[in-house]
Amino acid sequence: MSFGVGDTSYEFMEITTKIGCPVNCLDYCPQEVTTSRYSGKRTLSIKDWEIMLNRIPKTLPLVFSGFCEPFANDKLVDLVDMAHKAGHPISIFTTLYNASRIDVEKLVKYQFLVFCLHLPDGKAMKIPLSQEYKDNVFTVLYNVRNVSFCIMNDRFKSLNRENITRGISIKPKRFRFCYKFDNPQFTLLPNGDVSLCCMDFGLSNILGNLLTENYVDVKRRFLARKRTTFKLCSQCSYNLSPLRALVDSVNRQNEKHFHLFQSSVRS
Ligand code: SF4
Ligand code: SF4
């Protein structure tokens, strides 16, 4: 999942390839709520992905992440390949859990907008430290020039989504501003449901379904709400003052330009 490195300044959609993440970082990730509230097919199938891809504008960036480790679905590389061949810019957030050597060697050949490696933190994320896993991490490091990292260790600052989702009382605040109302960043589920955003682990804000309608229709309906917010927004860390959101956005743009500049100097 896209902890801490989410860029809210452009439109994209997160793809959840499976329901029920086997990595179970339960300190920060309310998996038990998502699995108990979900209904329908738990694994994104090739057949359904083909239908859904045909309903999504080709220019929309797709982020393999959402509410589960993407490699929990054995067909991940095929799903990525289909999105790439359809012309979508692609990103991924992964722990590499369940990834075979062959999978990772294939994966690193794609050009990713964002490739975020979620690394072990010694507590919350528990995956077997096999030789294959270690080799896979180094295959990513050696091949993905723009890799970024996420570690939920003592320095990690949670967005509090685990407590919000578990219904632990968070003082509500007045809604001020969230970029996602201008640049939707929905999360797609394996059953075709489109959820509001990466904060909706409780699946309480389903906006439409890509097995029965087009992305543009879901988006149009969402935008027609004219910033009518959701209960979730009143507890959310992305709900900021417009000034603070602007400063964050400028900082991100500067960082992006710095990296682009560095790449152009190197090439
Ligand atoms: S890998 Fe990501 S989705 Fe899975 S439990 Fe950990 S934080 Fe949640
Ligand atoms: S819950 Fe509302 S405020 Fe929070 S990220 Fe989603 S849309 Fe934005």
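The numbers here are math on the coordinates, done by the rules we state, and not lab data. Given the structure is predicted, the values throughout are model-derived calculations rather than measurements. Here the Cβ positions follow ideal geometry from the backbone for every residue, glycine too, while neighbour counts run over all protein chains shown.
Viscosity 0.692 mPa s, temperature 37 °C: give me the Stokes-Einstein translational D for segment 130-184 in µm²/s, with Rh taken as the Kirkwood radius over C-alpha pairs. Show your work: numbers first, answer last.
Details: Rh = 15.6 Å.
Once the numbers are plugged in, D ends up at 211 µm²/s.
Only bridges whose two residues both fall in the chain count here: according to DSSP, what percent of them are antiparallel, nearest 5?
25
Over 14 Å apart: what share of the alpha carbon pairs of segment 102-144 falls there, rounded to a whole percent?
That fraction is 53 percent.
So what is the relative contact order for segment 4-79, in percent, with contacts set as C-alpha pairs under 8 Å and at least six apart?
Here the relative contact order equals 53 percent.
When we measure straight from the Cα of Lys109, which aspartates and glutamates land under 20 angstrom away, once same-chain ones fewer than 8 places off are left out?
Cross-link targets: Glu69, Asp74, Asp78, Asp81, Glu132, Asp135.
Of the cross-linked pairs Lys126/Lys231; Lys75/Lys134; Lys85/Lys226, which ones have a Cα-Cα span greater than 29 Å in the structure shown?
Lys126/Lys231; Lys85/Lys226
Given Cα pairs under 8 Å that are at least 6 residues apart, what percent is the relative contact order of the chain?
Values: 447 pairs, mean separation 66.2, N = 267.
Answer for the chain is 25 percent.
Mean projection of the alpha-carbon convex hull of segment 1-134 over all orientations, in nm²?
Details: hull surface 33.4 nm².
Projected over every direction and averaged, the Cα hull of segment 1-134 covers 8.4 nm².
Need one number: convex hull volume per residue for the chain, Cα atoms only, in Å³.
Cα convex hull per residue, to the nearest whole number: 131 Å³.
Where Lys and Arg each count +1 and Asp and Glu each count -1, what net charge lies around Leu232 among other residues with Cβ under 10 Å from its Cβ?
+1
Top mean-square fluctuation among Asn73, Asn251, Asn183, Gaussian network model of the chain, C-alpha springs under 10 Å?
Result for the chain, Cα springs under 10 Å: Asn251 fluctuates most.
Straight distance only, please: which lysines reach the Cα of Lys219 with their own Cα at less than 18 Å, same-chain residues fewer than 8 apart left out?
In chain and number order, the partners are Lys58, Lys180.
So what's the back-of-envelope 222 nm ellipticity for the chain, counting only DSSP H runs of four-plus at -39500 (n - 2.57) apiece and dividing by all residues, rounded to 500?
The helix contribution divided over the chain gives -9500 deg cm²/dmol.
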